[in-house]
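Below you will find the structure I want to go over with you.
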Amino acid sequence: MKRFLLLAAAMTLPGPASAAALSDAIHADMPQLMTLYRDLHAHPELSMQEIRTPALLAPMMRKLGFEVTEHVGKTGAVAVLKNGPGPVLLLRADMDALPVREATGLPYASTVIGKLRDGTPTPVMHACGHDTHLASFIGTARRLVAMKGQWSGTLIMILQSGEETGEGAKAMLDDGLYTRFPKPNTVFAFHDSAMLPAGVIGVTPGYTTANVDTVDILVRGVGGHGAVPQATKDPIVLASRIVLTLQTLISREKNPLDPAVVTVGSFQGGTKNNVIPDDVKLALTVRSYKPEVRKLLLDGIARIARGEAIAAGVPDDRMPVVTVREDQATPATANTEKLANHTLDLFRGHFGADRTTILPPLMVGEDVGRYWLNDPSVEGTLFWVGGVPRAKWDAVNGDTTKLPSLHSALWAPDAETVIATATEAMTIAALDVLKKGGA
Ligand SMILES: [Zn+2]
Ligand SMILES: [Zn+2]
């Protein structure tokens with residue numbers, strides 16, 4: 001019996017013949033998927049303001065036979081397809097774009113003007129390539145519906161809001177993603193990559209993206225005349241010391257084998273040459289992987305700010321105010337090792353070793369890890385699909401520092417290759433999890 005089951009399972013794996021059939025089917029879908037992609041690209045929406053995108057995609061999913069619930073986690077949508085007994089698999093695509101003025105010169109470039117939360121108008125662009133994720137989402141749904149006879153289980157496909165602001169995954173989980181809908185055993189997502197040539201897949205077992213923390217420091221002094229420093233406590237000098245001492249968290253306090261970053265991205269204070277201001281505002285981004293390193297950095301920032309203020313003789317009631325913006329924190333995404341390694345082998349077998357690579361972890365943020373964070377009953381993997389057009393890659397010999405990165409106004413991936421590759425990869429990963437007879 002066991003032997004029979006193994007054989008049955010093996011027969012449903014995409015062998016050379018079915019691999020070609022899958023690739024052909026995706027190829028046939030590409031004109032439609034590219035039309036969808038160009039439309040999405042021309043109509044980007046900012047984080048948590050995704051209205052048109054889910055309204056466009058939800059009916060497509062319903063037409064394919066999914067039961068779709070909209071407005072989950074504000075603007076997210078959950079599409080469920082029950083197809084017999086078996087595991088529950090969740091596939092996620094993120095929908096949001098960025099406040100960037102597109103400079104790609106593409107015929108379908110965005111000219112959309114959106115609004116920041118304070119009402120300020122801003123150009124909007126799919127500069128992170130989430131539009132490729134969305135087109136591939138539909139492509140993958142189409143394939144898995146067409147291949148329904150080859151798998152058994154429950155497929156949940158979610159359109160996530162607000163990835164760029166780190167809010168969307170949390171919003172969907174808080175709104176009952178795992179209680180109102182079946183809870184998954186396995187989660188997959190992909191992201192287009194500016195670090196890989198188009199069509200090459202990268203997987204990182206373990207940490208793949210970082211803890212992202214936003215910290216504000218209000219450095220308070222005692223202002224006065226620029227020519228009478230003895231009557232002041234100069235917050236510009238104090239803030240400068242804080243900025244420099246913060247770097248010793250990285251160089252002296254943490255284990256050198258644990259990667260981390262403390263960047264002071266904004267230093268604002270003062271109005272005039274001869275006035276010592278009352279305060280200075282510092283804005284930091286803090287990156288790490290391990291929770292204990294995150295804690296060391298955040299505790300250290302508070303300690304250093306206070307310690308430097310004491311050293312400068314600032315009065316007790318003017319100590320710095322350090323604010324960790326927990327509402328904007330994104331936890332590190334750690335791909336679960338077993339699933340990530342298995343998926344890597346699966347992709348190597350399907351696409352070949354020259355199209356599959358292990359990618360080093362990045363210090364950027366991705367909130368997809370929240371779907372399996374601290375829950376050993378859920379496995380998850382975020383993989384990367386290279387988007388750098390081949391000619392551009394070859395022209396710089398793969399030195400991506402010479403090319404536009406994600407979030408650049410110039411990021412123009414080879415969308416057709418990203419969408420086709422990601423659809424194929426996501427489909428075989430899904431079939432592998434949901435194959436008949438179980439794993
Ligand atoms: Zn992004
Ligand atoms: Zn992104």
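The values are calculated or read from the model by the stated rules, or taken from the named source; none is laboratory data. It should be emphasised that the depicted structure is a prediction, and the values quoted were computed from it without experimental measurement. No Cβ is skipped: glycine too gets one built from the backbone with ideal geometry, and neighbour counts run over all protein chains shown. Please note that ligands, DNA and RNA were not included when accessible areas were found on the heavy atoms of the full protein model with its side chains. Shrake-Rupley method; radii C 1.70, N 1.55, O 1.52, S 1.80 Å.
Mind checking the per residue accessible area of the chain for me, 1.4 Å probe, whole number of Å²?
44
If we restrict to alpha carbons, what Rg and Dmax does segment 69-153 come to, in Å?
Rg, Dmax (Cα atoms, Å): 17.3, 51.
Tell me the relative contact order for the chain as a rounded percent, counting alpha carbon contacts under 8 Å between residues six or more apart.
Over the chain, the number comes to 24 percent.
Could you check how much of the accessible area of segment 175-242 is carbon and sulfur, as a whole percent, using a 1.4 Å probe?
With neighbouring chains kept in place, the figure for segment 175-242 is 59 percent.
What is the percent carbon and sulfur in the accessible area of segment 275-319, measuring with a 1.4 Å probe over the protein chains and ignoring ligands?
Exposed carbon and sulfur together represent 55 percent of the surface.
Using a Debye calculation, one point per C-alpha and no hydration shell, please list log10 I(q)/I(0) for the chain at q = 0.05, 0.06, 0.07 Å⁻¹ in order.
Computed log10 I(q)/I(0) values: -0.21, -0.30, -0.40.
Continuing with this model, one more query. Please give the calculated 222 nm ellipticity per residue for the chain, where each DSSP H segment of at least 4 residues contributes -39500 (n - 2.57) and the sum is spread over every residue; nearest 500 deg cm²/dmol?
So the calculated ellipticity at 222 nm is -11000 deg cm²/dmol.
Can you tell me what share of the DSSP beta bridges in the chain is antiparallel? A percent to the nearest 5 is fine.
Looking only at bridges with both residues in the chain, the antiparallel portion is about 65 percent.
Ignoring ligands, DNA and RNA, what percent of the accessible area of segment 37-103 is carbon or sulfur (1.4 Å)?
That fraction is 57 percent.
To continue, here is another question. Between the DSSP loop rule and a limit of at most 13 other Cβ atoms within 10 Å, which trypsin sites (Lys or Arg not before Pro) in segment 199-285 are left?
LYS272
For every other residue with a beta carbon closer than 9 angstrom to the beta carbon of ALA409, add +1 if it is Lys or Arg and -1 if Asp or Glu, then tell me the sum.
Here the count lands on 0.
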